[in-house]
Amino acid sequence: MTGFDVDKIRQDFPILAEKIRNKPLVYLDNAATCHKPQTVIDSIVHLYSHDYANVHRGVHTLSVRSTDLFESARTKVKDFINARSDKEIIFVKGATEAINLVAQTYGKANIQKGDEIIITAMEHHSNIVPWQMLCEQTGAILKVAPINLQGELIYEEFEKLLNAKTKLVSVVHMSNALGTINPVKQIIATAHAKNIPVLLDGAQAIPHMTVDVQELDCDFYVFSGHKLYGPTGVGVLYGKQALLEAMPPYQGGGDMIRKVTFAETEYNTLPYKFEAGTPDIAGVIGLGAAIDYLNTIGMDNIAAHEAELLAYATEKALAIKGLRIIGEAEHKGAILSFVLDKIHPHDIGTMLDSLGIAIRAGHHCAMPVMDFYEVPATARASFAMYNTKAEIDVLMNGITSLIEVFG
Amino acid sequence: MFDDLRDLYQEVIFDHNRNPRNFRVMESADRKVEGFNPLCGDRLTLFLKINGDVIEEASFQGSGCAISTASVSLMTEIIKGKTEAEAEELFKQFHEMTTGKDEHFNLEAIGKLAVLAGVREYPARVKCATLAWHTLDAALKNEQQSISTE
Ligand SMILES: Cc1ncc(COP(=O)(O)O)c(C=O)c1O
């Protein structure tokens, strides 16, 4: 890893200097949301202090500046995921809205009664419920590809589900509850061989690895800015241009139209067709700043650092008696989900918090995964580029001590 | 190491978590209500045997965190022999103790439930302590469906 300096990176994130209950913050809840480098915070302050106005609306100087910043953020996103064109980058509220958008536009236009949609057993609720809603509206059927005990997709079973009625495959790129990284390239090739389009939920994958939508050849890719070191309130729907062109609009309003009379409305071109109303201007520009920051560090460097953290944490965790890791896929991202014998995750969360350690305790919006492992919840430590082995030591000492206290 | 948490995790709570009282299915129950906290997955089934308006017996099943297990375990002990009206009054006091602005609850009536007073400093955990009581409330109102604290 050339030039990756975690201490230097930590200096860029002001919140990491925060004390929690008089102890240094050890932030290990990055899968829920991660923190923002100073440059992202500054970009928003600078926007509101110097350049802010509404976008795409005015001829005045500030509107032009705002619009330029906004559209240049779109280009940054396009380059970051290697899309072909800015037209393929739709700004939405987050991964959740992006999936709902596809369900309600592409889905409604292309999926009918008796058609089938395939997801996996490790999906986040946001890649389950929008499809259930679509199925309720259309009479289509949701099929779920099973996982094994390691938390890996059972590929043969997934393949068996694909048939002439299958109209869409929607799978998580990296699971937030288990850390599993799905073999998405293979999934896409298998589905495409049967002319079935594929949506990837990249909410967890995008901060941890290089994502190239052309190389993957996915039809849709969705993610949230706030998990990518950017602000909340903004996310991205990538779609292949031809698919997006053919889709009906999502919401009606300003910006998404070219011409409105009371008799009829002509819709705007891509990407504006899907961006009704004033967007999260500061959010989009902040996301652009986050991508600039990531580019200075390098996604491959981040991936290598996090792989080291995960290996270190896994080894330490396995040495703790009574600890069971939930999710042991061979191909896994920087997430350590675990349960402790006779100690509820919520108690783990509160106890670790008293030591300044932030982890997530709960069902991680993946209740079917919890049911599969027959646990009500898990504790989850999830790592980001700014985490260190020393922090993992603090976590593991905390876990060992709380096991003692519980007796 | 966990000194800050001594008010929340008192020894009594660990004790009830390790050895929950009245932890069994009651075949002859007159009331049976399920409580569920979707936030943390805590799940319990409360069984009551009622004679006239007196709670003769209370038991529970389920899984939850130490706070919720201790809370329901303590509750089944304290409501035994109480009238329904007395139990409802206890619920009110308990609610006041765990969520109230100031400490105006009746300490005497609350008795050993006072070990749970610490949750008021931990807003994220209040629901763990109150799940048992919301379930009891539903049982006393004879609502047979499952209740949820969310
Ligand atoms: C895998 C996955 N998909 C989707 C989402 C939803 O993201 P958001 O809440 O930002 O829309 C999350 C967030 O936790 C996630 O982990």
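The values are calculated or read from the model by the stated rules, or taken from the named source; none is laboratory data. Keep in mind the model is a prediction, meaning the values are calculated, not measured. Glycine gets a Cβ as well: all are built from the backbone with ideal geometry, and neighbour counts include every protein chain shown. SASA here: full protein model, heavy atoms, side chains in, ligands and nucleic acids out. Shrake-Rupley method; radii C 1.70, N 1.55, O 1.52, S 1.80 Å.
Of note:
- Residue list for the stretch A:135-150, filter: in contact with a strand residue (DSSP E or B) (Cβ under 7 Å, 6 or more places away or on another chain) and charged (D, E, K, R): A:Lys143
- Looking only at the stretch A:348-395, and only at residues there that are among the aliphatic types (A, V, I, L, M) and open to solvent by 10 Å² or more (accessible area, probe 1.4 Å), the one that is farthest from A:Leu149 (Cα to Cα): A:Leu355
- Top-ranked residue of the stretch A:90-148 - restricted to ones that are within 16 Å of the ligand (Cβ to nearest atom), among the small types (Gly, Ala, Ser) and more than 26 Å from A:Glu71 (Cβ to Cβ), ranked as surrounded by the most Cβ atoms within 10 Å (Cβ to Cβ): A:Ala103
- Matching residues in the stretch A:155-174 - criterion: being within 16 Å of the ligand (Cβ to nearest atom) and among the polar types (S, T, N, Q): A:Ser170
- Count - residues of the stretch A:311-332 that are closer than 14 Å to A:Gln150 by Cβ and assigned to a loop (DSSP other than H, G, I, E, B): 6
- Count - residues of the stretch B:1-23 that are in a loop (DSSP other than H, G, I, E, B), of a type outside the set (A, V, I, L, M, F, W, C), touching a Gly at 6+ places or on another chain (Cβ under 9 Å) and free of Cβ contacts under 8 Å to residues at least 12 places away in the same chain: 1
- Residues of the stretch A:359-400 classified as modelled with pLDDT under 95, within 16 Å of the ligand (Cβ to nearest atom) and in a loop (DSSP other than H, G, I, E, B), total: 5
- Test result for A:Phe70, within 16 Å of the ligand (Cβ to nearest atom), more than 14 Å from every other protein chain (Cβ to nearest Cβ) and not charged (D, E, K, R): no
- Test result for B:Glu77, surrounded by fewer than 22 Cβ atoms within 10 Å (Cβ to Cβ) and either within 14 Å of chain A (Cβ to nearest Cβ) or at pLDDT 95 or above (or both): yes
- Among helices (runs of 4 or more DSSP H) entirely within the stretch A:133-236, having at least 2 residues that are among the aliphatic types (A, V, I, L, M) singles out A:184-193, A:213-216.
- Number of the condition not met by B:Ser71 [criteria: (1) under 13 Å from the mean Cα position of the chain (by Cα); (2) away from chain A (no Cβ under 14 Å); (3) assigned to a helix (DSSP H, G or I)]: (2)
- Test result for A:Ile326, over 17 Å from A:Arg74 (Cβ atoms) and buried (at least 21 other Cβ atoms within 10 Å of the Cβ): yes
- Candidates A:Glu71, A:Glu116, A:Glu18, filtered to the one that is acidic (Asp, Glu) and within 30 Å of A:Leu162 (Cα to Cα): A:Glu116
- Filter pass, B:Leu90 being touching a helix residue (DSSP H, G or I) at 6+ places or on another chain (Cβ under 7 Å), closer than 30 Å to A:Met367 by Cβ and surrounded by 15 or more Cβ atoms within 10 Å (Cβ to Cβ): no
- Hey, A:Ala17 of a type in the set (A, V, I, L, M, F, W, C) and within 16 Å of the ligand (Cβ to nearest atom) or not: no
- A:His56 vs. criteria more than 16 Å from the ligand (Cβ to nearest atom) and free of Cβ contacts under 8 Å to residues at least 60 places away in the same chain: no
Residues are listed down the side, and each one gets a yes or a no for (1) open to solvent by less than 40 Å² (accessible area, probe 1.4 Å); (2) in contact with a strand residue (DSSP E or B) (Cβ under 8 Å, 6 or more places away or on another chain); (3) over 27 Å from A:Met385 (Cα atoms); (4) not polar (S, T, N, Q):
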residue: A:Pro37; (1), (2), (3), (4): yes, no, no, yes
residue: A:Val45; (1), (2), (3), (4): no, no, no, yes
residue: A:His50; (1), (2), (3), (4): no, no, yes, yes
residue: A:Val59; (1), (2), (3), (4): no, no, yes, yes
residue: A:Leu62; (1), (2), (3), (4): no, no, yes, yes
residue: A:Ala73; (1), (2), (3), (4): yes, no, no, yes
residue: A:Lys76; (1), (2), (3), (4): no, no, no, yes
residue: A:Ser85; (1), (2), (3), (4): yes, no, yes, no
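- Search result, residues across the stretch B:24-61 that are within 14 Å of another protein chain (Cβ to nearest Cβ) and touching a residue at least 24 places away in the same chain (Cβ under 8 Å): B:Glu34, B:Gly35, B:Phe36, B:Asn37, B:Pro38, B:Leu39, B:Cys40, B:Asp42, B:Leu44, B:Gln61
- Count of the stretch B:1-49 residues which are of a type in the set (Val, Ile, Thr) and under 23 Å from B:Val115 (Cβ atoms): 2
- Assessment of the stretch A:337-358 against the conditions (away from chain B (no Cβ under 14 Å), in contact with a helix residue (DSSP H, G or I) (Cβ under 7 Å, 6 or more places away or on another chain) and modelled with pLDDT of 95 or more) yields at least one matching residue.
- Scanning the stretch A:229-273 for residues that are within 16 Å of the ligand (Cβ to nearest atom) and open to solvent by less than 30 Å² (accessible area, probe 1.4 Å) gives A:Tyr229, A:Gly230, A:Pro231, A:Val234, A:Gly235, A:Val236, A:Leu237, A:Tyr238.
- Answer residue from the stretch A:160-213, given it is among the hydroxyl-bearing types (Ser, Thr, Tyr) and surrounded by 24 or more Cβ atoms within 10 Å (Cβ to Cβ) and is farthest from A:Leu142 (Cα to Cα) among those: A:Thr180
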